[in-house]
Each structure stands twice: as structure tokens, then as C-alpha cells.
Amino acid sequence: VFGASYPAFNWSPFAAGNFIALGGITTFPFLVLNVFFARRIQDRHLLAFGTCLGTMALFTFLSLLRTGQVRYASAFMCWWAVALGFNLVSTVTMSLLSKQLPPEWNTWISMVIQYSNFSGRVSGAIWGGSGVSVGMMNYVGLEIAIVGIGILLFTFLWKDLKAKTG
């Protein structure tokens, strides 16, 4: 929606799909590497890294919007960093909670986490479609506010999030 309405882009749905596909292809190797590094790194550190990466990209995109300097490369790098950071974070939720909760809860909690992830993706797609209508500055601002709530939560729960690696 943003790519179609932004004057510098004026993308068709095909061009927007190519942009998204290029981002997915370029983040994929990093997500595969995560499979190997996740065994050696605590989940809470992956959570912090992914959140910081995504949040910095959101702030960068907000500054680009404010200055009117959004170009293909800058939009791509911001989108790429947001996608990579928050996809890393989404891999941590299941792993971290399965290590924290009693084993007999694992099946039900895993389903709840997956439903939560899917609900977030659907509501994110709906919210993403309304970004231009509400204004991109407001859109990105709300994204940062939601991430800020998450940062506060895991900052206060940092000691409780410590779990064995692997």
C-alpha cells in the first residue's frame, strides 16, 4: 500500500510483491544461521538482539519519512532489518516458554503461542493495509509504541527469562 501511494515508488502490486520477495530471500540465510547459533546463545539474548534490530530500523524509517528521503535502497534496508529482527524474535517465544513452563503444559501453551503469532500476523496485515490512511508517521509511531511495551516487559522480566541454551 505504501509503495503504491508513495510518489517516488508508484509500485504496482507486482512490483510490491517483488520487493517483498527480495526481502524474504535475503533474510532467509540469516534465519537459517539462527538455527545453528540458537543452540549457543540464550533465548533472551536473541530476543534482545532481534528487538533492538527491528526497533532501530523502525526509528530509521521514521526519520526517513520525516525528512522525505525514502528511496528504494533505504526502504529496503529498513524493511529488511525489521523483518529479520522481528522474525528472530518470533522464533524465541515458543522456545523460551517451553523451557520456563512445566512440561505437561507444553502442548497447550505451544498452541496458544502459535495462535498468538498467527493472530499477530493477520492483524499486522490488516494494520499494514491501513498505514497510508492513518499516515505513515502515525503508523510507524504506533509500531514503535507496541515494541516499546514489549521492551519494558522483557526488561523487567530479564532475570526470569534466563533459561538453558539449546
Defining a contact as two alpha carbons under 8 Å apart and six or more residues distant in sequence, what relative contact order in percent does the stretch 1-79 show? 28 percent
Result for the stretch 56-166: accessible area per residue, probe 1.4 angstrom, in square angstrom, of 63 Å²
Of Phe156, Ile144, Leu65, farthest towards positive along the dipole that unit charges on Lys, Arg, Asp, Glu beta carbons give the chain: Phe156
Before rounding to the nearest 500, sum -39500 (n - 2.57) across all DSSP H runs of length at least 4 in the chain and divide by the residue total; then give [θ] at 222 nm in deg cm²/dmol. -27000 deg cm²/dmol
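Percent of accessible area on the stretch 74-148 owned by carbon and sulfur, 1.4 Å probe?
Details: 2970 of 4220 Å².
Exposed carbon and sulfur together represent 70 percent of the surface.
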Extension reserve of the Met94-Tyr72 stretch, reckoned as 0.36 nm per residue once the Cα distance is removed: 4.5 nm
Which of these values of Kirkwood radius over Cα pairs in Å was calculated from the structure shown: (i) 15.4; (ii) 17.3; (iii) 19.1? (ii)
Determine, from the Cβ-Cβ distance of Val132 and Thr26 and an R0 of 30 Å, the FRET efficiency 1/(1 + (r/R0)^6), rounded to the nearest 0.05. 0.75
Answer with one residue from Ala8, Gly85, Gly24: the one whose Cα lies farthest towards the positive end of the charge dipole of the stretch 1-159, charges on Cβ with Lys, Arg +1 and Asp, Glu -1. Gly85
When the chain is fully extended, how far beyond the present Cα-Cα distance does Ile144 get from Phe14, taking 0.36 nm per residue of separation? 43.9 nm
Not counting ligands, DNA or RNA, and with a 1.4 Å probe, what is Trp127's accessible surface area in Å² rounded to the nearest 10? 70 Å²
Dipole of the chain, positive end: most advanced residue of Met56, Leu46, Ser110 [Cβ charges, Cα centre]: Leu46
Given contacts defined as C-alpha pairs under 8 Å and at least six residues apart, what's the relative contact order of the stretch 57-133, whole-number percent? 22 percent
Comparing Leu101, Leu84, Leu53 in a Gaussian network model of the chain (Cα, 10 Å), the one with the largest mean-square fluctuation is Leu101
Roughly how many debye, to the nearest 20, is the charge dipole of the chain about its Cα centre, given +1 on each Lys and Arg Cβ, -1 on each Asp and Glu Cβ, and no other charges? 360 debye
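For Cα pairs less than 8 Å apart in space and 6+ apart in sequence, what is the mean separation divided by the residue count of the chain, i.e. the relative contact order in percent? Kindly include the intermediate steps, with their values, before the conclusion.
Working: 135 pairs, mean separation 56.8, N = 166.
With pairs under 8 Å counted, the relative contact order is 34 percent.
The values are calculated or read from the model by the stated rules, or taken from the named source; none is laboratory data. Please read all numbers here as calculations on a predicted model, not as lab measurements. All Cβ positions, glycine included, derive from the backbone under ideal geometry; neighbour counts span all protein chains shown. Quick note on the areas: whole protein, heavy atoms, side chains included, nothing else; ligands and nucleic acids left out. Shrake-Rupley method; radii C 1.70, N 1.55, O 1.52, S 1.80 Å.
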